[in-house]
1. Provide the net charge surrounding R198, with neighbours chosen by a C-beta distance below 10 Å and charges set as Lys +1, Arg +1, Asp -1, Glu -1.
2. By how many degrees, 0 to 90 and rounded to 10, does the Cα axis of helix 142-152 deviate from the longest principal axis of the chain?
3. Using the C-alpha gyration tensor of region 109-226, what are the square roots of 5 times its eigenvalues, in whole angstrom, with the largest one first?
4. Scaled to the compact-protein estimate 2.2 N^0.38 Å, what is the alpha-carbon radius of gyration of the chain, rounded to two decimal places?
5. Dividing the alpha-carbon radius of gyration of region 16-81 by 2.2 N^0.38 Å (N being the number of residues), what value is obtained?
6. Skipping prolines and chain starts, which residues have an amide H placed within reach, meaning under 5 Å, of the one on T202, given they are 5 or more residues away or on another chain?
7. What is the sum of charges around D91, taking Lys and Arg as +1, Asp and Glu as -1, for the other residues whose C-beta is under 13 Å from the C-beta of D91?
8. Any idea how many Lys pairs in the chain come in under 21 angstrom at the alpha carbon, given 8 or more places apart or on separate chains?
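Read-outs throughout are calculated quantities, based only on the coordinates presented, and are distinct from any laboratory measurement. Keep in mind that what you see is a predicted model, and the values were worked out from it rather than measured. Here Cβ is always computed from backbone atoms with ideal geometry, including for glycine, and neighbour counts include all displayed protein chains.
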Amino acid sequence: MNDKAPSGAPVRVPRYSGSARINHWIMAIAFVILLLSGLSLFHPALFFLSGIFGGGAMVRWLHPWAGVVFALGFLMLFIRFLPANLPELTDFKWLAKIRYVVSGRDEFLPEVGKYNAGQKLVFWSQAALVPIMVVSGFALWTPGLDFLQSTFGIKATMDHRRLAAVVHAAAAVTTIVIWIVHVYAAIWVRGTLSAMIRGSVTGGWGWRHHRRWLKREVADGHVKSG
Ligand code: HEM
């Protein structure tokens with residue numbers, strides 16, 4: 001495929017609709033708010049971070065509501081991106097060759113569809129962790145507890161709350177590590193950020209990293225090659 005349009009500019013391939021990007025960025029902003037406000041509640045040494053939001057009382061209000069926005073945003077993203085994240089045989093072949101991913105020798109990797117196995121792992125691990133964060137977060141939140149009690153008759157004891165605090169913190173640390181990997185990969189693989197910012201990538205990016213997806217897009221007439 002020619003990577004240049006007749007104008008000489010690289011061919012751009014649509015990757016995300018406007019609504020998918022808005023969905024992703026609302027969720028990502030909510031995540032950063034959760035990260036900073038959550039860290040300020042986590043340890044007294046990090047309490048200074050609450051200053052970003054106007055103090056401790058504000059953080060205690062903001063954190064759970066940002067959690068609600070994040071969880072709903074993730075649910076919508078999950079439904080939207082689920083079909084492209086279903087596991088397939090190629091994912092195992094790709095993972096078996098992970099050393100070529102790290103060394104940037106893409107020519108030794110199998111052709112992948114819209115997402116590679118690493119991206120699918122990010123998707124599925126967040127899909128497992130978000131419900132854990134939501135349930136344990138509800139058990140730490142007074143309005144959440146009232147809701148659980150009035151709706152489901154669940155009465156949380158002090159032991160439940162202690163357990164919820166440990167589970168919430170452990171899941172949060174894991175989520176943050178996965179998020180750092182996600183953002184690092186988005187920056188490290190040049191041209192990826194524009195997928196989520198502009199909604200499109202260059203043909204060269206598609207050819208190098210998601211060749212099977214690119215071929216499908218071309219076959220479906222979504223790309224005008226130069
Ligand atoms: C705030 C910083 C973030 C940045 C810079 C970022 C960047 C990106 C980029 C560039 C893509 C497109 C990748 C591609 O099409 O190949 C993407 C996709 C995606 N992002 Fe983010 N993201 C951020 C936060 C998050 C958070 C907080 C989550 C969820 C917890 C998330 C979940 C996803 C998912 C599920 C995809 C689709 C790829 C897949 O299914 O693995 N992102 N992100």
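1. +3
2. Once rounded, one gets 90 degrees.
3. Semi-axes from the Cα gyration tensor: 42, 15, 11 Å.
4. 1.21
5. Values: Rg = 13.5 Å, N = 66, 2.2 N^0.38 = 10.8 Å.
Here the Cα radius of gyration is 1.25 times the empirical estimate.
6. Amide H neighbours of T202: V13.
7. Summing Lys and Arg as +1 and Asp and Glu as -1 gives +3.
8. Lysine pair count for the chain: 11.
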